[in-house]
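Let me begin by presenting the structure, written as structure tokens, before commenting on it.
The values are calculated or read from the model by the stated rules, or taken from the named source; none is laboratory data. If you're wondering where the values come from, they're calculated on a predicted model, not measured in any experiment. Glycine gets a Cβ as well: all are built from the backbone with ideal geometry, and neighbour counts include every protein chain shown. We work out accessible area using only protein heavy atoms, side chains counted, and drop any ligands, DNA or RNA first. Shrake-Rupley method; radii C 1.70, N 1.55, O 1.52, S 1.80 Å.
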Amino acid sequence: MRRRAAGIVGVVLLVPLVGAAAWDARSSGTLSGARTGLTIIAPASTGGGWDGLARQLQATMRDTDVVTNPQVVNVPGAAGTIGLAQLAQMEGQGDVIMITGTVMVGGVEINDSPVGFDDVTSLARLTDDYEVIVVPADSPLQSVDDLAAAWQADPGAVAVGGGSLGGTDQLLAAQLAQEVGVPATDVNYIAYSGGGEAIQALLSGASDVGISGYNEFADQIEAGALRALALSAPEPQPELGVETLYELGYDVHQGNWRGLLAPPGLTEEERAELEAIVAETVATPEWAETVERNQWVDVTLVGEDFADFIDEEVARIQAILEEAGL
């Protein structure tokens with residue numbers, strides 16, 4: 001279920017180390033310690049959900065003096081597995097953390113990554129949010145029922161835009177397609193590198209349907225450029241004004257949790273220090289305001305409990321991908 005370090009050498013040949021870039025982002029490297037020189041790796045391009053979480057953490061840590069000089073470094077590619085491979089090579093470096101989440105779990109499987117979660121240190125789960133299915137405002141698809149009917153008639157004729165292959169967006173598309181009797185492999189799914197590209201594809205007509213985290217599309221929904229068909233939440237979210245798939249009669253939900261990893265080979269003291277930094281950060285009023293403003297759900301889980309949760313997620317997503325033929 002997880003892949004060990006035997007495959008890491010192959011990744012090194014394919015991808016340049018992020019080490020130099022990360023260490024250039026701060027002046028004194030590991031000598032400064034996590035409290036004064038923490039690097040937060042966002043394994044995605046700027047502007048997406050992982051980058052947003054990294055920068056919100058950076059701002060909260062800095063503004064509350066939990067960390068003196070936190071820096072964000074972007075290492076995009078392959079649903080976060082490029083960043084994961086590079087993190088696995090930073091053994092014993094106790095002043096680095098990296099954003100992870102549902103997308104990376106699927107990315108490890110879809111990309112057949114030689115590096116898995118056992119090759120790094122599981123640190124903490126922080127937030128969850130829910131996917132939303134949207135269409136352009138003038139789309140003839142007025143409901144999820146309309147989307148289901150279009151899929152059933154000709155699934156290849158409906159271009160569905162979302163994030164990385166194997167990520168949360170494709171997982172939701174696959175589950176919904178199967179729910180309405182359409183093979184997931186028949187869905188015309190187009191992977192984009194971030195929410196910005198997915199929005200442009202919808203507005204330009206390159207995609208008929210978009211799937212992403214609610215916050216990715218929130219501004220366009222509020223502006224009336226996009227129309228929300230359904231949320232993937234397991235419970236009603238009346239404050240968002242969008243019905244869930246459950247409420248609409250579809251037995252489908254898909255969360256989009258995000259958390260933190262650290263390099264392998266940390267001492268107990270180094271791991272405890274990073275866990276303390278996370279705990280202090282999420283306990284601040286500033287972080288509570290950030291969670292509320294972004295309409296996230298606080299699902300903080302630290303240490304071994306988080307490692308157990310990742311085991312469960314790997315098994316769950318493997319089963320979904322296998323059943324969907326992905």
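A few notes on this one:
Residues are listed down the side, and each one gets a yes or a no for (1) crowded, with 19+ Cβ neighbours inside 10 Å; (2) farther than 19 Å from Gln254 by Cβ; (3) more than 25 Å from the chain's Cα centre (by Cα):
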site	(1), (2), (3)
Glu109	yes, no, no
Val115	yes, yes, no
Asp118	no, yes, no
Arg125	yes, no, no
Ile133	yes, no, no
Asp138	no, yes, yes
Leu141	yes, yes, yes
Asp146	no, yes, yes
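- Some residue of segment 302-319 being open to solvent by 20 Å² or more (accessible area, probe 1.4 Å), touching a strand residue (DSSP E or B) at 6+ places or on another chain (Cβ under 9 Å), acidic (Asp, Glu) and more than 18 Å from Met104 (Cβ to Cβ): yes
- Ala44 vs. criteria under 21 Å from the mean Cα position of the chain (by Cα), buried (at least 22 other Cβ atoms within 10 Å of the Cβ), part of a loop (DSSP other than H, G, I, E, B) and of a type in the set (A, V, I, L, M): yes
- Reported count of residues in segment 75-96, each being modelled with pLDDT of 95 or more, of a type outside the set (Val, Ile, Thr) and out of contact with any Lys or Arg (no Cβ under 9 Å at 6 or more places or on another chain), is 11.
- Output for segment 223-242, where each listed residue is among the hydrophobic types (A, V, I, L, M, F, W, C), at pLDDT 90 or above and more than 20 Å from the chain's Cα centre (by Cα): Ala223, Ala225, Leu226, Ala228, Leu229, Val242
- On the stretch given as segment 211-245, residues that are buried (at least 24 other Cβ atoms within 10 Å of the Cβ), not in a strand (DSSP E or B) and not hydrophobic (A, V, I, L, M, F, W, C) total 2.
- Subset tally (residues that are in a helix (DSSP H, G or I) and crowded, with 24+ Cβ neighbours inside 10 Å) for segment 64-85: 6
- Residues of segment 86-105 classified as open to solvent by 10 Å² or more (accessible area, probe 1.4 Å) and charged (D, E, K, R), total: 1
- Leading residue by the ranking (surrounded by the most Cβ atoms within 10 Å (Cβ to Cβ)) among those in segment 191-210 that are modelled with pLDDT of 95 or more and part of a strand (DSSP E or B): Gly210
- As a summary of the residue check, Ala159 satisfies the conditions (1) free of Cβ contacts under 8 Å to residues at least 60 places away in the same chain; (2) under 21 Å from Gly47 (Cα atoms) except for the one numbered (2).
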